[in-house]
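Only one structure is covered here, and it is reproduced in the block below.
The values are calculated or read from the model by the stated rules, or taken from the named source; none is laboratory data. Since the model is a prediction, treat every value here as computed from it, not as a measurement. Because the Cβ atoms are built from the backbone with ideal geometry, glycine has one as well, and the counts that use them run over all protein chains shown.
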């Protein structure tokens with residue numbers, strides 16, 4: 001009796017599975033395939049063009065959202081000599097749709113260099129000493145053989161609306177945005193070779209945020 005009961009249950013299970021397969025096949029042919037598993041193509045779609053989410057004419061699928069938003073990846077220290085963004089001699093800031101980070105010196109004295117890889121942000125660690133007579137200062141590899149002189153600030157002091165650099169002949173440090181979103185503003189005390197840092201909250205100015213070493217309007 002037990003064996004007959006098990007056989008009966010197995011027969012019901014097989015029948016149910018068979019019916020389910022038939023239903024799925026009918027759905028497949030009626031809808032032209034399992035369209036609910038596919039990304040719908042549209043006559044116009046959103047694509048990342050010049051780091052902006054832009055509506056494009058043609059058949060395709062949405063690659064970004066919403067329209068007009070920032071997308072892609074930007075590296076500020078790209079140059080003709082460093083098209084990959086691995087520019088160890090200039091502090092840069094890398095930004096994509098979700099993050100903004102600046103090259104920085106680690107507590108070990110090594111440089112942490114950020115770069116774009118498609119729309120993603122990668123980082124690479126390097127010893128400035130391995131490049132010659134260089135030390136890591138202000139997020140870049142800087143010559144270690146220069147003599148100090150009086151400090152000079154390219155944006156003339158505490159100018160929060162301009163991305164500046166302070167230098168004293170031996171090192172040069174750029175204004176940058178901290179991981180907490182504050183502006184690290186470099187400036188010089190009077191008649192001194194010392195470089196000082198003022199941590200400034202851009203929101204004090206109103207609808208401003210820190211981007212690329214300065215306060216910019218968020219509107």
Give the range 128-149 a look and list any residue that's exposed (fewer than 14 other Cβ atoms within 10 Å of the Cβ) and either in a loop (DSSP other than H, G, I, E, B) or in contact (Cβ under 8 Å) with a residue 40 or more places away in the chain (or both), or say none. 131, 132, 133, 145, 147, 148, 149
Look through 98, 84 and report the one residue that is part of a loop (DSSP other than H, G, I, E, B), modelled with pLDDT under 70, in the same structural domain as residue 136 (by TED's automatic domain parsing) and surrounded by fewer than 16 Cβ atoms within 10 Å (Cβ to Cβ). 84
Please give the number of the condition residue 48 fails out of (1) part of a strand (DSSP E or B); (2) in contact with a strand residue (DSSP E or B) (Cβ under 7 Å, 6 or more places away or on another chain). (2)
Residue under evaluation residue 90, criteria (1) in a loop (DSSP other than H, G, I, E, B); (2) out of contact with any strand residue (DSSP E or B) (no Cβ under 8 Å at 6 or more places or on another chain); (3) at pLDDT 65 or above, criterion not met: (2)
